[in-house]
Amino acid sequence: MEHHDPNEVDSHPVAPRMHLKGNPKPHIGPHRKDYEKEHAKTVGEHSDEWWGKMARETLYWFRDFKTVRTGDFENGDIAWFVEGGLNASYNCVDRWAFKHPNKTAIIYEADEPGEGREITYAELLREVCKVANILKDFGVKKGDTVSIYLPMTWQAAAAFLACARIGAVHSVVFAGFSAEALRDRVIDCQSRVVITTDEGKRGGKTIATKAIVDAALKECPSVEHVLVLKRTGNKVPWTEGRDKWWDELAEKVPSYCPPEIMNAEDPLFILYTSGSTGRPKGVVHTTGGYSLCAALTVKYVFDIHPDDKFACMADIGWITGHTYIIYGPLANGITTTIFESTPVYPTPSRYWETVDKYKLTQFYSAPTAIRLLRRLGEHHVEGYDLSSLRVLGSVGEPINPEAWHWYNDFVGRKQCAIVDTWWQTETGSICITPFPGAIDTKPGSATVPFFGIEAVILDAESGKLLEGNSVEGVLALKHPWPSIARTIFEDHKRYLETYMKPYPGYFYTGDGAARDKDGYIWIRGRVDDVINVSGHRLSTAEIESALILHAGVAETAVIGTADELTGQAVHSFVTLKPEFDYDPKHEEILEKELTLQVRKVIGPFAAPKKIYIVNDLPKTRSGKIMRRIMRKIVAGEGDQLGDLSTLADPGVVEYIKEKVEQSKKKNEAKKA
């Protein structure tokens, strides 16, 4: 994505709706100094007092804590609220079901307009308890893992919270992942139980969810029970003894299940993310610190008040869905939204119809969706009453200024705050963000650190701290915060090597960043081998491993390149085995096969946008593939390749340039 000079971007004052008479008064504001004063209490030597107070005010503890925090990055022994006992399910459901049982907990907006419904806190509590009792009947105990492969149905929230209720650790796998990807994740976390559905519905299409699960479980002998939600009621493959219908078992078990008291440091969930090696990385989050930061970021970043209706349009299978559909909003006792459809089904007005219908107050989406809707035209937004909205959020990648302005002008009608949030699976919750009632915003900038976050910029080579403003380097975080991931499941060494070792004393984010003249932070995208496609983090190694499984592939190099719709797109260069027989005149047949290979191993969202069949790859004399050369050529910067002295065969560069050029011409001819 193109970089804008941060120092030349105009800032936008705090949005009118944040201080409109009749609207709730923002928690932080109206000036930046109000934010700075509060932030100062949350970092440094006296910050334990602030965090202890916030933890006690925000969450219900069955057992109080004495120690606010202990441990550090270097030793990888971080722990918060050490003696505390709590339950995430109780904090998200029970306390609100007792206080206001008939309040809407979840707005379920089903794929087909008009088929959704609202679920109250009382109903959610009953469903959570029923699923918890079913899991107990399956023999699931505290500390066991349960794999969840569910689409965007409201019952998915009940599945998460049922696990949390009995102390089981949920491992949710995005329902767009392939059978192979699901299999690897079930095996890695050793689940004996999988929760899924007969079929999924999305964008008017039916997805064969149960069939995908069956294919995955052929190689998962440890799985004893599969709990199946009836979403469509169509006939699906069935394994007697192993597979059980959710609705049938729910009729047999009681509607109340006492919550298990968990230590603050007991794991709440595992969530797999792309690693730089092919094996998935199971990031582990804990009960206390994660729940607290999920709740606080919803409260302060989106300026939540008791009657708000919050909508995050992410998928529950990603960290954004975990934190900002389920744990964060429900821990605040407000109404959250589970949106099953797509932004364009049945028309590109679907989001705005939903906002108008339920009078949503906050709306959190990804730049990809905003870019898509911008391209389809603002007439799809017109005619809807969006005056209930106060805060519009963006997540997944830095939002480009064009999309920011469209979001601001046509969705926010220049009245709403826009929060461009930066965080990661590993951080658990938002780390850099505007505070809507206090911080002037700049299109494209994530602006300032959240409470407890000390964001620093380091020189990539020396690791030296870059002081002052107008600097650019690698983004790192100083000092632990409560929702930082504690480990990688069964691979603590990898956790330390990935995040703590690159720059000792800091948490390494893998992102480049700049700090502008006003001290605002601008995220520059990955500095490692991770590609961000539509907010999905994909490792190049993972895609390369999928391609190499094809019988004809000898070697492969995958790069990310700018794409105006998805932010980045996957481009793959492939060399073939000499004995592999194919017709170069019909290259597109092989390209299709290779694309299918990636879809099958990882999932459709990882499919390369372009595959180049080449006879060699640019390598150093020691055999290291020089991906930066291919990145530059694809970006049209073939004349700015820099130092090529280490190349084993400089002739390859011209050959690759030619290949890319031919491909571009072919594409243009197709369009014409």
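How high is the FRET efficiency between GLU467 and ARG375 when r is their beta carbon distance and R₀ equals 41 Å, given to the nearest 0.05?
Working: r = 41 Å, r/R0 = 1.01.
Computed FRET efficiency for GLU467 and ARG375: 0.50.
Put simply, the amide H of ARG69, placed in the peptide plane, has neighbours under 5 Å in PHE81, leaving out anything fewer than 5 places away on its chain.
State which helices in the chain qualify, where a helix is a whole DSSP H run, it must extend 18 Å or more along its own axis by its Cα atoms, and its mean Kyte-Doolittle hydropathy must be at least 0.5. The partial results should precede the final answer.
Numbers: long enough: 121-137 (24 Å, 0.16); 154-166 (19 Å, 1.19); 287-301 (21 Å, 0.84); 587-601 (22 Å, -0.41); 651-671 (31 Å, -1.52).
Helices meeting the criterion: 154-166, 287-301.
For segment 303-343, the alpha-carbon coordinates run over 27, 19, 14 Å along the three principal axes, in decreasing order. Sum up the charges of everything whose Cβ sits under 13 Å from the Cβ of TYR90, counting Lys and Arg as +1 and Asp and Glu as -1, but leave TYR90 out. My count for the surroundings of TYR90 gives +2. Considering segment 1-88, its Cα convex hull presents a mean projected area of 10.7 nm².
Working from label points 7 Å from Cα in the Cα-to-Cβ sense, the LYS21 to GLU112 distance is 4.8 nm.
Given segment 254-408, report the % of alpha carbon pairs whose separation exceeds 26 Å. Each step should come with its number before you reach the end.
Details: 4130 of 11935 pairs.
Within segment 254-408, distances greater than 26 Å cover 35 percent of Cα pairs.
For segment 422-550, what percent of Cα pairs sit more than 26 Å apart? The share of Cα pairs beyond 26 Å in segment 422-550 comes to 24 percent. Only helical runs count toward this figure. For the chain, summing -39,500 (n - 2.57) over DSSP H runs of n ≥ 4 and dividing by all residues gives -8000 deg cm²/dmol at 222 nm.
In segment 229-292, which trypsin sites (Lys or Arg not before Pro) are in a loop and have at most 16 other Cβ atoms within 10 Å, using DSSP for the loop call? Working shown, then result.
Values: sites: LYS230, ARG231, LYS235, ARG242, LYS244, LYS252, LYS281; in loops: LYS230, ARG231, LYS235, ARG242, LYS252.
Answer by residue number: LYS230, LYS235, ARG242, LYS252.
Taking amide H as placed 1.01 Å from N in the peptide plane, the amide H of GLY437 sits under 5 Å from that of ILE28, each at least 5 places away or on another chain. What is the sum of charges, Lys and Arg at +1 and Asp and Glu at -1, for the other residues whose Cβ falls under 13 Å from the Cβ of TYR582? Charge balance near TYR582 sits at -4. Note on ASP643 and ASN7: the model spin-label points, each 7 Å out from Cα along the C-beta direction, lie 2.7 nm apart. For the chain, the cysteines with no partner cysteine C-beta closer than 4.7 Å are CYS92, CYS163, CYS189, CYS220, CYS293, CYS312, CYS416, CYS431. The calculated FRET efficiency for THR67 paired with ALA551, based on their beta-carbon distance and R0 = 35 Å, is about 0.05. The lysines within cross-link reach of LYS585, meaning a Cα-to-Cα straight distance under 18 Å and a gap of 8 or more places when in the same chain, are LYS577, LYS610, LYS659, LYS664, LYS665, LYS666, LYS670. Could you list log10 I(q)/I(0) for segment 188-262 at q = 0.16, 0.17 Å⁻¹, which the Debye formula gives when each Cα is one point scatterer? Ignoring solvent entirely, the Cα scatterers give -0.68, -0.75.
Averaging 1/r over each pair of different alpha-carbon atoms in segment 541-632 and inverting the result gives 13.6 Å, the Kirkwood hydrodynamic radius.
Name all residues of segment 134-171 having a backbone nitrogen under 18 Å from the label point set 7 Å from the Cα of ASP491 along its Cα→Cβ direction, giving them as ranges. Backbone N within reach: 171. Please list the non-local residues whose amide H lies under 5 Å from the amide H of TYR364, H modeled 1.01 Å from N, same-chain partners needing a gap of 5 or more. Under 5 Å from the amide H of TYR364: ALA311, CYS312, MET313, GLY393.
Kirkwood's formula applied to the C-alpha pairs of segment 371-486 gives a hydrodynamic radius of 16.0 angstrom. Treating r as the C-beta distance of GLU587 and LEU565 and R0 as 25 Å, the FRET efficiency rounds to 0.50.
Between ARG56 and ARG279, what length comes free when the chain is fully extended (0.36 nm per residue of separation minus the Cα-Cα distance, one decimal in nm)?
Values: separation 223, 0.36 × 223 = 80.28 nm, distance 3.86 nm.
Gain in length upon complete extension: 76.4 nm.
Beta bridges from DSSP with both residues in the chain: antiparallel share about 60 percent, rounded to the nearest 5.
Within 11 Å, Cβ to Cβ, of ARG371, how many net charges do the neighbouring residues add up to if Lys/Arg are +1 and Asp/Glu are -1? Provide the component values of the computation, followed by the final result.
Details: positive: ARG374, ARG375; negative: GLU397, GLU402, ASP563, GLU564.
Counting the neighbours of ARG371, the net charge comes to -2.
Just so you know, all these numbers are worked out from the coordinates, no wet-lab data involved. Everything numeric here is computed off the predicted structure, so don't read it as measured data. Cβ atoms come from the backbone with ideal geometry, glycine included; neighbour counts cover every protein chain shown.
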